[in-house]
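A quick write-up on the structure given underneath.
Here, each number is a calculation from the coordinates, and none is a lab measurement. All of these numbers come straight from a predicted model, not from anything done at the bench. Heads up, the Cβs are rebuilt from the backbone with ideal geometry, glycines too, and the neighbour counts pull from every protein chain shown.
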């Protein structure tokens, strides 16, 4: 009977080891970039060690855990696993930390946008996974905590659990204090940190401390003498990031369209100066970059954005309005009310409905950037006997997932018609579904389209006095940039007014379309640089 007894003991120890591995791996996995998949790591979870140590300690007072306690512990562990997955996936794919308080309210919009361009079977799989995954996670976790709970009944397993988990806790404490007791052991970031951080963010928001931290509003003043009577465009290019200049494959793919854009600028009697700017957001939330530049206030999160808009503030828009400019926002991606427009002080806002797009749909918003630019021209620029116009235009055709990309239409008279493209062009464009595992080629193609649209419009209005600020709102998601990318975006100023461009050269911009480092300014720090270039302070 002894061999059978020894075999049973070996099996029990083996199952206990598997259970401990399951609990540890469930809180230490990493993301497989650029996918939604995960991979195991060799790190140790201090939270798993604490729970195991607590189960051993609890045995001395209350005995082995009950079935009800194990069920609750299994459910709690699922919450920890979900937090870990959300944290590592958000960091990997979007290049920033998750903010549950603000991000969750935008999930329906993001989900609807991605569902519009995704394969229907993929949508079904995602929905089914979201419904079944918590149960699928719970079953092995409940088994694992059950094995550990059963092990606390026996003296030897209990002693081993106490020694190993206690040692892991001690090593973890030293690790987070900056002391590496054992170099071979790496401690994973605690998942509870994610939830504590979200709770602190909520408390900060509700306390009103953020409003006080903003400080008093500062006036935004300039006589705009150096751009007087010129139409000034502030074009925020969606997802136009430094990666398009830093990654050799993208530089090569975009070389031809950039050369054409530089030729369009030069042949229309204009120049361009460029710089890198540090954005206040990464991979999304474009409006944080918009408000940072337009107000000169650093806005890196949604709560600061909301608090800022609750105040009466000068903006770049009101600065132009004071000098007699008509201020308009061209918002092709705006499909609902936009009360923020009143904060900025625009004279008029053209949303998706007012732009009256009747052409073939592209992406979630249907409207193309070239159409929005052509419609702006028809509504505002082509008018006679008018004041100069300040235009705020956030583009949309370079939005993730970048394809299908609209064809560029050289004949601008067709752009505003219901049939802007030939059937073959349209079929070719629509036949390019997003490649979610390799978005780089689609990203380059979308930027090609932008270059062609801007260059074509410069040629269309070669006789007009334009000052165009062309700037990225943020880097594309980390699915394109990779992990650890800087938050830098390119900024270009295109104009025929030498004094404006020379002043920008004095402040860190470089001649030509290619920006160079070091970064010339932060996004909010760019406002005073532009005001200085546009007029006497």
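Size check on the stretch 231-323: the Cα extents along the three principal axes, sorted descending, read 45, 34, 16 Å. Each label was represented as a point 7 Å from its Cα along the Cα-to-Cβ direction; for residue 505 and residue 459 these points are 2.7 nm apart.
Tell me, what is a quarter of the convex hull surface for the C-alpha atoms of the chain, in nm² with one decimal?
Numbers: hull surface 121.3 nm².
If you wrap the Cα atoms of the chain in a convex hull and average its projections, you get 30.3 nm².
Taking every alpha-carbon pair within the stretch 386-437, the share separated by more than 19 Å comes to 47 percent. Global size of the stretch 249-402: 17.1, 47 Å for Rg and Dmax (C-alpha atoms, Rg to one decimal, Dmax whole).
Sort the following peptides by mean Cβ neighbour count (other Cβ atoms within 10 Å, averaged over residues), highest first: 363-371, 386-394.
Details: 363-371: 23.2, 386-394: 20.2.
In decreasing order of mean packing, 363-371, 386-394 become 363-371, 386-394.
Distance between the pseudo-spin-label points of residue 428 and residue 79 (7 Å out from Cα toward the beta carbon): 5.6 nm. Between residue 21 and residue 267, the FRET efficiency from the beta-carbon distance, with R0 = 60 Å, is close to 0.35.
Taking the beta-carbon count within 10 Å as an exposure proxy, list 46, 185 from fewest neighbours to most. Walk me through the intermediate numbers first.
On the way: 46 25, 185 15.
Least crowded to most crowded, the residues run 185, 46.
Pair-distance distribution P(r) for the stretch 220-534, from all Cα-Cα distances in 20 Å bins starting at 0: 34, 62, 4 percent. Compared with the dominant principal axis of the Cα atoms in the chain, helix 248-267 is inclined by about 20°. Axis of helix 286-295 versus longest Cα principal axis of the chain: the two differ by about 50°, to the nearest ten degrees. From most to least packed by mean Cβ count within 10 Å, the peptides 429-436, 242-249, 315-322, 440-447 give 440-447, 315-322, 242-249, 429-436. Put simply, the convex hull of the Cα atoms in the stretch 485-537 casts, on average, a shadow of 3.8 nm². Once the Cα-Cα distance is subtracted from the 0.36 nm per residue extended length, the residue 338 to residue 260 segment shows a gain of 24.5 nm. Between residue 411 and residue 435, the C-beta separation translates, for a Förster distance of 30 Å, into a calculated FRET efficiency of about 0.50.
I need the calculated FRET efficiency for the pair residue 14 and residue 36, taking r as the beta carbon distance and R₀ as 30 Å, to the nearest 0.05. The pair residue 14/residue 36 has a calculated efficiency of 0.40.
Helix 192-207 and the long axis of the chain differ in direction by around 50°, with both axes built from C-alpha atoms.
In what order do 273, 79 fall by count of nearby beta-carbon atoms within 10 Å, going from fewest to most? Don't skip to the answer; put the middle values down first.
Details: 273 24, 79 13.
Fewest to most other Cβ atoms nearby, the residues stand as 79, 273.
Across all directions, the average flat footprint of the convex hull enclosing the Cα atoms of the stretch 401-537 is 10.5 nm².
Sorting 309, 523 from the fewest to the most surrounding beta carbons within 10 angstrom yields 309, 523.
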